[in-house]
Every structure is written in structure tokens, then in C-alpha cells.
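Notes follow the structure.
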Amino acid sequence: MHDAIFIAAILSITALSACGSVSSSKNALTVNKTNYTVAQFERLSKELIVTKQIESTAGQISGTDSKNVLSALIRFIATNQFLEANNDSITDLDRKSVTDGIKADDPYYSWSKELQRLSIDLGVADTAIARVKTPDAKTLEKMYSTAPASAGALCIRHIILKTEAEARSVLNQIKDGGDFIALAKKLSIEPSAKDTGGALQIKSSDCVPLIDLLNSSDPVFIRAVLAAKVGVPSGPVKSSAGYHVIMNRPYSEIADSLQATLATDSGSRLAIGFLLSINVKVNPKFGTWNPTLGKVE
């Protein structure tokens, strides 16, 4: 089964509900203020089974497939919201760049018009995202100050200690006016902290693209950083490296580094930040949304 066909079928059933049009108990999921109802999801499941996009047990979608379908829906809805927030969208010209290459005998032409449209939109979403440019300095500062991850990168300092008690002691010292950098240089068990003051860096940049952290860091650590406020130390957070005291750095410290980080592949980096920063609710009967993995579990 081709992934593009499968995910397009996932998205081919009905239009999404307007904000507040149904009660939360009737929603399968909500992405920001866009609802997808349980009734819609049930109709979707039946169509996927009928078209043999997924297998069924006694005519019912499996729990694993259910979670995969919902995850794909969330990501697709978020992509459209991201483009809209950046005054862009998937265009007819984008679609034409794909449809012009589809051969006359391709199974594509046997699909419904809606399924054709959605499969093409899925295929060209990255093209539309790539058009999104880095926001101006004022907008970027507001994004970062409100939700650091929404800026597409994380710019943090952390102090790693061997024990939770040590981490709590350091956290209290910082809250009482202690200097984060000085304490990192003196106490952190991370070897580079003596030079960086606890700054998490990549190629000497003060900001690390989210995709790099998601691929290399402990999910518990990432979740804690995503929840932390700018300039406010928090923790302790346990990872395989030890106990962390963390802080998203003030914008004034990292403005140039953040701009430089977004100079390359800004659209996709900002889109990942958008996905990690949105408000996603999943009906408990289907699972829960894990933002650091970008899927329903």
C-alpha cells in the first residue's frame, strides 16, 4: 500500500468542524480551534476499511491504525494552519507541478475528486512550507517570548548534576539570585559547561534547530524544555545524563543566533516549531497526543 494513497484517504472524508460547533465529548481531536468529530472519524474508518487501505477486525479499525490515522490528521491540519498563519497556502500552481506528471493510466484517475485533491495537497505541502520565510525581528521576538519552540529552535542553558538533591539545591540558589552561568561553570558535570556556561550549542551557535534535538535528546528533557518559560529556571529534569536545571535564554542573548539558525530551511524549521507549540486535544478513548514524537499514543 502506497503511503501517499493511505494518508490521502485518511483526509478524504468530510470537512472539518468550525470552532465550538460540537461539544468536546463529540470530538475525536481538536487542533487549536479546529475540531474533527468522532462521527467523522467513524465514517473515515469505514471508508479506509472498504477501500482496503487498512485491515479490520470484525469490521473495526485497530487501535494502532486508529492512532496512526489521528496522528496524520493532526499533522495535516497543523500544516494548513501553519501556512495560513504565514499568509500562504497550497496553490493551484503547486498542484499543477504534480498533476502534469501523472500518466493517463495511473490509478489516480479512478479516485474521487476529493481524494485526488487531497493526495496532491499532501505531496506538495513541503513545497508550500518552503516558501515561508523568517519573520521580522519584532515578530520573531514575540513568538520566542510567548512559546520558544514556535521559533523553530531551542536556545537554552542547563546545568547537569548527579543527584536530584544537588539539582534542587542549585535551582534554589538561582532563584535566590545566583548566577546561572557561574554555577554551570562551577558545578555542572557536563564537560563543556566550563567553557559554555551551560549553553546547549551546535557548531558554536546558541540555538539548536528543533529537529536536531528531537532526533538526539531524551524525550523527557525535550518536554521539560518545551514547557519552560523564557528566563525562568526550572527542574530538576532527569535524563540518562543526570538531573538538569534548565532555562530558555532571554531573547536579547540569542537574537542573532536564532536569526542565523532560521536563515537555512526556515519554513520547515518553523513548521516543526508550530507543530510542537499548538494546542492538541485527543479524545481519551483514542489515546493521547505526544508532541515531542508528533503522534498519538
Worksheet item: Within segment 184-206, can one find any residue that is within 18 Å of SER145 (Cβ to Cβ) and surrounded by 21 or more Cβ atoms within 10 Å (Cβ to Cβ)?
Response: yes
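Just need a number here: residues in segment 103-146 that are of a type outside the set (S, T, N, Q) and in a loop (DSSP other than H, G, I, E, B).
Kept after step one, since they are of a type outside the set (S, T, N, Q), are these residues of segment 103-146: 103-109, 111, 113-115, 117-118, 120-126, 128-133, 135-138, 140-144.
Filter once more, so that each one left must be in a loop (DSSP other than H, G, I, E, B): 103-106, 111, 131-133, 135-136.
Number of matching residues: 10.
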Worksheet entry | Residue in segment 142-155 that is in contact with a strand residue (DSSP E or B) (Cβ under 8 Å, 6 or more places away or on another chain) and charged (D, E, K, R) present | no
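Going through segment 261-297 one residue at a time, which ones are in a helix (DSSP H, G or I) and either surrounded by fewer than 19 Cβ atoms within 10 Å (Cβ to Cβ) or out of contact with any Cys (no Cβ under 6 Å at 6 or more places or on another chain) (or both)? Before the answer, list the steps.
From segment 261-297, those in a helix (DSSP H, G or I) are 261, 266-277; that's our starting set.
Once the filter is applied, which keeps residues that are in a helix (DSSP H, G or I) and either surrounded by fewer than 19 Cβ atoms within 10 Å (Cβ to Cβ) or out of contact with any Cys (no Cβ under 6 Å at 6 or more places or on another chain) (or both), segment 261-297 yields SER266, GLY267, SER268, ARG269, LEU270, ALA271, ILE272, GLY273, PHE274, LEU275, LEU276, SER277.
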Practice prompt. State whether one or more residues within segment 107-114 are free of Cβ contacts under 8 Å to residues at least 12 places away in the same chain and among the small types (Gly, Ala, Ser).
Written response: yes
Item to complete: Please work out which one of (1) modelled with pLDDT under 95; (2) over 19 Å from the mean Cα position of the chain (by Cα) is the condition CYS207 fails and give its number.
Response: (2)
Response to the item:
Here the qualifying pairs (Cβ atoms under 7 Å; residues six or more apart or on different chains; first in segment 157-182 and within 16 Å of ALA199 (Cα to Cα); second of a type in the set (D, E, K, R) and buried (at least 21 other Cβ atoms within 10 Å of the Cβ)) come out as ARG157/ARG249; PHE180/ARG157
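Would you confirm whether any residue within segment 33-44 is at pLDDT below 90, touching a helix residue (DSSP H, G or I) at 6+ places or on another chain (Cβ under 9 Å), closer than 30 Å to ILE102 by Cβ and not aromatic (Phe, Trp, Tyr)? So that I can check it myself, show each step before the final result.
First, the residues of segment 33-44 that are at pLDDT below 90: 40-44.
Within this subset, residues satisfying the condition of being touching a helix residue (DSSP H, G or I) at 6+ places or on another chain (Cβ under 9 Å) are 41, 44.
Now restrict to residues that are closer than 30 Å to ILE102 by Cβ: 41, 44.
When the remaining residues are screened for being not aromatic (Phe, Trp, Tyr), the result is 44.
Looking through segment 33-44, at least one residue is at pLDDT below 90, touching a helix residue (DSSP H, G or I) at 6+ places or on another chain (Cβ under 9 Å), closer than 30 Å to ILE102 by Cβ and not aromatic (Phe, Trp, Tyr).
Of all residues in segment 62-102 being in a helix (DSSP H, G or I) and of a type in the set (Gly, Ala, Ser), which is farthest from GLU297 (Cα to Cα)? Spell out how you get there, then give the answer.
As a first pass, look at segment 62-102 and keep what is in a helix (DSSP H, G or I): 63-85, 92-99.
From the residues that got through so far, the ones that are of a type in the set (Gly, Ala, Ser) too are 63, 66, 71-72, 78, 85, 97.
Numbers: GLY63: 10, SER66: 10, SER71: 9, ALA72: 12, ALA78: 18, ALA85: 27, SER97: 35 Å.
Only one residue fits best here, namely SER97.
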Fill in: Number of positions in segment 186-204 that are modelled with pLDDT of 95 or more, part of a loop (DSSP other than H, G, I, E, B) and among the aliphatic types (A, V, I, L, M)
1
Fill in: Candidate set: segment 232-260, residues that are among the β-branched types (Val, Ile, Thr) and not in a strand (DSSP E or B); chosen: the one farthest from ALA193 (Cα to Cα)
VAL232
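Filter segment 261-280 down to residues that are of a type outside the set (Asp, Glu) and under 15 Å from ARG131 (Cα atoms), then give me how many there are.
Step one: of segment 261-280, the residues of a type outside the set (Asp, Glu) are 261-264, 266-280.
Then keep just the ones that are under 15 Å from ARG131 (Cα atoms); that gives 262-264, 266-272.
Total meeting the criteria: 10.
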Worksheet entry | Residue list for segment 96-126, restricted to those being among the hydrophobic types (A, V, I, L, M, F, W, C) and either within 30 Å of the chain's Cα centre (by Cα) or at positive phi (or both) | VAL98, LEU115, LEU118, ILE120, LEU122, VAL124, ALA125
Fill in: Filter result for SER239 (in the same structural domain as THR146 (by TED's automatic domain parsing), modelled with pLDDT under 95 and either on the phi > 0 side of the Ramachandran plot or of a type in the set (Gly, Ala, Ser) (or both))
yes
Practice prompt. Could you grab me the full set of residues in segment 219-231 that are under 23 Å from ILE181 (Cβ atoms), in contact (Cβ under 8 Å) with a residue 12 or more places away in the chain and either within 18 Å of the chain's Cα centre (by Cα) or part of a strand (DSSP E or B) (or both)?
Written response: PHE221, ILE222, ALA224, VAL225, LEU226, ALA228, LYS229, VAL230
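The values are calculated or read from the model by the stated rules, or taken from the named source; none is laboratory data. Keep in mind the model is a prediction, meaning the values are calculated, not measured. So basically every Cβ, Gly included, is an ideal-geometry build from the backbone, and we count neighbours across all protein chains shown.
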